Amino acid sequence: MKPLREIVNTGRLVPLIVLFLSLCMLDNISAATGSDEMRVTLLGTGTPFPNAERFGSAILVEVAGKKLLFDCGRGVVIRLTQVRVNPKDIDGLFLTHLHSDHVVGIPDLWLSGWFLGRDRSLPTWGPPGTRSLAEHLVQAFGFDIRIRQAAPDPLPAKGVEIDAKEIEQGEIYNDGLARVSAFLVDHGTVKPAFGYRIDSAGHSVVISGDTKFCQNLVDFAKDADCLIHAAWSAGRKNPTPPSKRSIASAEDAGRVFAMVKPKLGVVYHYKAEEGLGDAVRKEFNGPFVIAKDLMVINIGKTVTWERESAAHARKDKTMDR
């Protein structure tokens, strides 16, 4: 290798410096762009019926440096691990309603996160009953909590606290960079039930939660980049009379997409995929996708989606070798 003095003398160091600075600038530009984007991972798109391919309702929204989780159904910690997110790093949990398939993963998220290093309380927002749920979880897992707080390696007491807040319609979270608003939806006899809108840096995603066609959802979803809407099945495949249904048909979701006109509509929490696409298309001719577990949606200047998270895809490719 030639000495540094010779490289300087031949003028070869200057291009290297320019290249280095250019790469740094690109990294900074990339980081700045990423900070203005939302990343939405559909951890679970399923229903109360057990399904190894589609876990319980759970949607991770990564925005402005925070990891916000919406609903916490069956298998959420496994899905988080698959996308290389430590459960301890969840900055907030938001519950649409208290049906078991939307909350049954809370003990795992809460206790595994504590075991894996969380040293602060788990902030949780949800409808009336959320505080009671949190208090009774502490009672139910009292033995485990006592053991893990005992010598010789006690876990931090703060990390096993659940900071439960019961919500009403309106803004419920604002850290100056990201804002979360809750709005009432119509889930039949389940009252109240909420959907959520997340806004940051001029971008937005709306999560319907479980609902029938709901004008309030349409109003809160106005100008949203991405609308994620529950739909049980195509209407013709649902034997329950429309007046007795508690969750939207695919046609209902299509009507909402047509009224809101998001850059991307997403159908999730469906019982069976057959006929969904055609049913949505009867009402909406814009871009939409039927969600699968681990699907990723990137919301920035454009809205794009990937079949699965890049982290999970890399892991699969490594395992295939």
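The values are calculated or read from the model by the stated rules, or taken from the named source; none is laboratory data. Predicted, not measured: the structure shown is a model, and the values here were computed from it. All Cβ positions, glycine included, derive from the backbone under ideal geometry; neighbour counts span all protein chains shown. Each accessible area value is taken on the protein alone, full model and side chains, heavy atoms only, with ligands, DNA and RNA left out. Shrake-Rupley method; radii C 1.70, N 1.55, O 1.52, S 1.80 Å.
Please count how many residues of region 254-266 are touching an Asp or Glu at 6+ places or on another chain (Cβ under 9 Å), more than 12 Å from residue 206 (Cβ to Cβ) and not charged (D, E, K, R).
Number satisfying all stated conditions: 2.
Take residue 228 and decide whether it is more than 30 Å from residue 189 (Cβ to Cβ), at pLDDT 95 or above and not in a loop (DSSP other than H, G, I, E, B). Can you show your working first?
Values: more than 30 Å from residue 189 (Cβ to Cβ): no; at pLDDT 95 or above: yes; not in a loop (DSSP other than H, G, I, E, B): yes.
So residue 228 fails the test.
Just for region 190-209: of the residues that are aliphatic (A, V, I, L, M) and in a strand (DSSP E or B), which one is most open to solvent (accessible area, probe 1.4 Å)?
Residues of region 190-209 aliphatic (A, V, I, L, M): 190, 193, 198, 201, 205-207.
Filter once more, keeping what is in a strand (DSSP E or B): 190, 193, 198, 205-207.
Working: 190: 34, 193: 2, 198: 0, 205: 0, 206: 0, 207: 3 Å².
Once the filter is applied, the top-ranked residue is 190.
If you scan region 278-292, which residues turn out to be open to solvent by less than 20 Å² (accessible area, probe 1.4 Å) and either within 21 Å of residue 55 (Cα to Cα) or free of Cβ contacts under 8 Å to residues at least 40 places away in the same chain (or both)? Give the derivation first.
Residues of region 278-292 open to solvent by less than 20 Å² (accessible area, probe 1.4 Å): 279-280, 284, 286, 289, 291.
Scanning region 278-292 gives 284, 286, 289, 291.
Starting from region 68-96, keep only residues that are under 20 Å from residue 308 (Cβ atoms), then list their pairs with residues that are open to solvent by 20 Å² or more (accessible area, probe 1.4 Å) and among the polar types (S, T, N, Q) whose Cβ atoms are within a distance under 7 Å, requiring at least 6 positions of separation or different chains.
77/112; 87/112
Could you tell me which numbered condition residue 212 fails, if it satisfies all but one of (1) out of contact with any helix residue (DSSP H, G or I) (no Cβ under 6 Å at 6 or more places or on another chain); (2) outside any loop (DSSP other than H, G, I, E, B)?
Of the numbered conditions (1) out of contact with any helix residue (DSSP H, G or I) (no Cβ under 6 Å at 6 or more places or on another chain); (2) outside any loop (DSSP other than H, G, I, E, B), the odd one out for residue 212 is (2).
Scan region 172-189 residue by residue and report those that are among the small types (Gly, Ala, Ser) and either at positive phi or assigned to a loop (DSSP other than H, G, I, E, B) (or both).
As a first pass, look at region 172-189 and keep what is among the small types (Gly, Ala, Ser): 176, 178, 181-182, 188.
Listed by number, the residues that qualify are 176, 178, 188.
What residue, of 110, 125, is outside any helix (DSSP H, G or I) and within 30 Å of residue 230 (Cα to Cα)?
Numbers: 110 fails: outside any helix (DSSP H, G or I).
Result of the check over 110, 125: 125.
For region 63-82, how many residues are within 12 Å of the chain's Cα centre (by Cα) and either closer than 14 Å to residue 44 by Cβ or assigned to a loop (DSSP other than H, G, I, E, B) (or both)? Lay out the reasoning, then the answer.
If we filter region 63-82 for residues that are within 12 Å of the chain's Cα centre (by Cα), which is where we start, we get 63, 66-73, 76, 79-80.
With either closer than 14 Å to residue 44 by Cβ or assigned to a loop (DSSP other than H, G, I, E, B) (or both) added as a condition, the list becomes 69-73, 76, 79-80.
Qualifying residue count for the region: 8.
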